[in-house]
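The values are calculated or read from the model by the stated rules, or taken from the named source; none is laboratory data. Predicted model, so just to flag it, every value in this text is computed and none were measured. Cβ placement follows ideal geometry from the backbone for every residue including glycine, while neighbour counts extend to all protein chains displayed.
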There are 2 protein chains.
Amino acid sequence: MSKSPETKEISLQVDVNYMMSEYLGAREGISREEIQAKNQEFQEAVRHLKNKRSEMVWRDLPYNQDQVTEQIISFARQKKDACENFVVLGIGGSALGPMAVQQALNHLYYNELPKEQRGGWPRIYILDNVDPERFTHLLDIVDPAKTLFNVITKSGSTSETMAQFLIVVRLLRDRLGDAYKEHVVATTDAVKGNLIKIAQTENYPLFYVPEGVGGRFSELCPVGLLPAAMAGIDIKELLRGAAYMDQWIESKDEIWENPAYLRAVLHYLAYRKGKNISVMMPYADSLKYFADWYAQLWAESLGKRRTLAGEEIFAGQTPVKALGVTDQHSQVQLYTEGPFDKVINFLSVGQFRNSVVIPAGYEDIPAVSFLGGHTLNELMEVERVATEYALVQASRLNATILLPEVTPFTIGQLIYLFEVETAYAGELLKIDAFDQPGVEEGKNATYALMGRPGYEEARAKLNARPVKEAKYILKN
Amino acid sequence: MSKSPETKEISLQVDVNYMMSEYLGAREGISREEIQAKNQEFQEAVRHLKNKRSEMVWRDLPYNQDQVTEQIISFARQKKDACENFVVLGIGGSALGPMAVQQALNHLYYNELPKEQRGGWPRIYILDNVDPERFTHLLDIVDPAKTLFNVITKSGSTSETMAQFLIVVRLLRDRLGDAYKEHVVATTDAVKGNLIKIAQTENYPLFYVPEGVGGRFSELCPVGLLPAAMAGIDIKELLRGAAYMDQWIESKDEIWENPAYLRAVLHYLAYRKGKNISVMMPYADSLKYFADWYAQLWAESLGKRRTLAGEEIFAGQTPVKALGVTDQHSQVQLYTEGPFDKVINFLSVGQFRNSVVIPAGYEDIPAVSFLGGHTLNELMEVERVATEYALVQASRLNATILLPEVTPFTIGQLIYLFEVETAYAGELLKIDAFDQPGVEEGKNATYALMGRPGYEEARAKLNARPVKEAKYILKN
């Protein structure tokens, strides 16, 4: 991908000082020696991950999408004017990535701005639940005839998305007849599954989820790129940022120099020392939904049962979403005085897109007037530093990723960094980071209860489950 | 409080079947015997909590606010027409309760509806961060001259809220001169603190946080009631629901009959068995922010360091926010196959406010067409049951609270239930559930770094902290 000469190549900074025993002491902190002692094992995992690269199709998304990127941009431009709303029908990876990127790079009240202040781009809604109230309420504010619906499911067998799709198609068809097709665009597998059949029959515009790219690793393919482009986000810069991060990662085999490997190793060792919780706490509203996106990536990739040397092991840190400074007034009490069971990850922003001065006032009340003359920007950063300080005083593991600015280029880096970090953590845990067998039981139970053909046996098994005891259900 | 005869008294249902060994087996489940063995201790805690009732001012909020409730309703009616926007300046308890209640009881896209579809009530924004982008962006969509700002801080020394307040006052004054006072209403302590001084001097309308009511227990006092009333929510019904729950709780001293005590005991025993995580997973978009409100209540109340018999103990389950069915595609893999380290709490809704039929279609594709004829309502509930089933199959502790309907009356119950449950859990853990000493270090560090007079020593200490080592900061 060619580089626009005017774009700065700003690198993320990965700061792990406060994971280390130098600052936190020997009991809680991780020592260089601990890492060195396992260096061979860690290097083995590096080699293993490198060998698997060709299987990990998502690794090459920053490089092999020139053509589809142009198609997406051209499609978005073509739809832009007629389209008041762009609604994603999707769940999981099809929703969390788009949400994170929209929140990061658009106005924080984007949908409430007049269209011209949105650069002429449509409002964006991401319908990631099947709550009947949410659906009904969305239709109260969105006119389907002025809306483009992007149905996203690789397999076309995601019950939630297909249910939404059936409702939307009926609605559009009743309103618009055959012209309804102008209002649908599908993102799905090119060959397999149910949605591709329908999309081809109905002749919807189509974008493909590349073979081998799973939901939670799909933000940098059309799953994420189309919704981003529909809001005027520079998707080439997103990909260029990801490529930049990939080159950084690939150029450093040494754990100590590699941001993804080092963060993964430290989380792995922390997990081994009983830190079964990983908090993601951006200090910026723009990065709020990165915590949600990370939560899926980390939980679904690493939360795995495996058998190792005959022993059954249940692995995985539980991700927790937080937001600075807001959650200082909600969670930090627990983080500083509660059990030593977590790692706190800060995302910090070097330079916000604007600055707000706190005016002087109430000079007779020093407990208020000291704020005057500072900026909100300073207050945000000071509070993050103060929280970090309090955590270190209490010997709590924490790490920081600094985004010097929030741009498509740095966001692309962040996505790619976390993806590789997760894949590498999977290597260390010796689990498959790319499957999700644990959702099958629930999925099959849903199919069974909804009467999907072929699930009669599962239904019988379900219906044979013990009835709940009334004594354990309390009502007034 | 008098009861409207037409209102149904619907009781919440608290279902703890799947916390019990009868279903989960002896290793993971909790047995009746385990509870009975400690029954004396639990009863002791019940008595202790009852004795403390007079200190817990929030316990009586459902009863002693007839007058202030009328004042709030009358104030809201008076402001309604002239006011396009109502903006809360507050953080922590001043924001999380209002957010949870708005989301529960209003249209899910409330702010995007035209005013007449909001019953003539203003849009509601809750500004719970000091992010300069958020502040600037809010002013892009909100005209201060058409806005009422509700500054909420008990002490008036909450840096975030007072910084927002200083900015807003300057902005309003520059635009409107002395008439700016029409656009401010303060909620604060009646006597102590900085905001009361300012509010009295400037003659703002005032509502009081009752003495002894802490932030996270303040939703049922004017902190929460005013924002709710400004969106047309029936605050008398909220309080009546809370009173109803209180009477239920107070009438049952027996653990097995008491929803708050039983849930607290089960969480306590689970925690003792290594479940250091408590997930709150509503299956309804309307209840989404109840998870956030609960997360503060549970974390800040129970996340405590204490010394017991000479030993230092660090207590507290970490609350995790999730949303059904959405997070089935994000977290449930971890919940079913990851470590046995959590309790999952479902909030389920009996009857949604509307119903959406999934139309038939694509009869040639049975993997899609089986959905036709069902409703989204069924799908939501089936998926919750399927997830519960999968968790039980994997021996994972889970419990459900059913709201037969989401109304101010049931929401009042839910708030009060969780508050008492938390207070009782505090008794079991032998900690003070009502303080938050662990946030002091960070707060003082913020004051010190922002140059507040009197914090010079703290600043010196901070500045003397070890410099971060460059080798632990990676950049490209």
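Per-residue answers, yes or no, for (1) within 30 Å of B:P122 (Cβ to Cβ); (2) outside any helix (DSSP H, G or I):
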residue	(1), (2)
B:I198	yes, no
B:Y208	yes, yes
B:G212	no, yes
B:R263	no, no
B:L269	no, no
B:M280	yes, yes
B:D292	yes, no
B:Q296	yes, no
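Considered as a group, the residues in the stretch A:297-334 that are closer than 16 Å to B:Y335 by Cα and polar (S, T, N, Q) include one that is nearest to the other protein chains (Cβ to nearest Cβ), and that residue is A:T318. For the stretch B:118-128, residues that are within 10 Å of another protein chain (Cβ to nearest Cβ) and under 14 Å from B:K80 (Cα atoms) total 1. Here A:R263 clears all of (1) more than 10 Å from chain B (Cβ to nearest Cβ); (2) within 27 Å of A:K430 (Cβ to Cβ) except the condition numbered (1).
Scanning the stretch A:355-389 for residues that are in contact with a Ser or Thr (Cβ under 7 Å, 6 or more places away or on another chain), assigned to a loop (DSSP other than H, G, I, E, B) and at the interface with chain B (Cβ under 7 Å from one of its Cβ atoms) returns A:S355, A:V356, A:I358, A:G361, A:Y362, A:L371.
Here B:Q200 fulfils each of the conditions (1) within 19 Å of the chain's Cα centre (by Cα); (2) free of Cβ contacts under 8 Å to residues at least 40 places away in the same chain apart from (1). In the stretch B:346-366, of all residues being among the hydrophobic types (A, V, I, L, M, F, W, C) and surrounded by fewer than 19 Cβ atoms within 10 Å (Cβ to Cβ), the one that is modelled with the highest pLDDT corresponds to B:V357. For the stretch B:267-283, the count of residues that are of a type in the set (A, V, I, L, M) and more than 21 Å from the chain's Cα centre (by Cα) is at least one. Taken as a whole, the condition of being in contact with a strand residue (DSSP E or B) (Cβ under 6 Å, 6 or more places away or on another chain) and either outside the structural domain of A:Q413 (by TED's automatic domain parsing) or not aromatic (F, W, Y) (or both) applies to A:M230.
Mind checking which residues of the stretch B:130-182 are within 11 Å of another protein chain (Cβ to nearest Cβ), in a helix (DSSP H, G or I) and among the aliphatic types (A, V, I, L, M)? B:L138, B:L139, B:I141, B:M162, B:A163, B:L166, B:I167, B:V168, B:V169, B:L171 - these are the residues of the stretch B:130-182 that are within 11 Å of another protein chain (Cβ to nearest Cβ), in a helix (DSSP H, G or I) and among the aliphatic types (A, V, I, L, M). Figure legend. Inter-residue proximity from the stretch A:29-45: first residues touching a residue at least 40 places away in the same chain (Cβ under 8 Å), second residues among the β-branched types (V, I, T) and crowded, with 17+ Cβ neighbours inside 10 Å, beta-carbon distance below 6 Å, spacing 6+ or different chains. Indicated pairs: A:F42/A:I255; A:F42/A:V265. Before we move on, is A:M1 within 25 Å of the chain's Cα centre (by Cα), at pLDDT below 95 and of a type outside the set (F, W, Y)? So A:M1 passes the test. Of all the listed residues (A:G412, A:G324), the sole one being in contact (Cβ under 8 Å) with a residue 24 or more places away in the chain, crowded, with 24+ Cβ neighbours inside 10 Å, closer than 30 Å to B:F165 by Cα and small (G, A, S) is A:G324.
When A:V279 is tested against (1) free of Cβ contacts under 8 Å to residues at least 24 places away in the same chain; (2) facing chain B (nearest Cβ under 10 Å); (3) under 20 Å from A:S395 (Cβ atoms), just one condition goes unmet, and that condition is (1). Is it the case that B:N203 is at pLDDT below 95 and outside the structural domain of B:A295 (by TED's automatic domain parsing)? For B:N203, the condition - at pLDDT below 95 and outside the structural domain of B:A295 (by TED's automatic domain parsing) - is not met.
Please tell me if A:G274 is in contact (Cβ under 8 Å) with a residue 12 or more places away in the chain, at negative phi and either among the β-branched types (V, I, T) or surrounded by fewer than 21 Cβ atoms within 10 Å (Cβ to Cβ) (or both). No.
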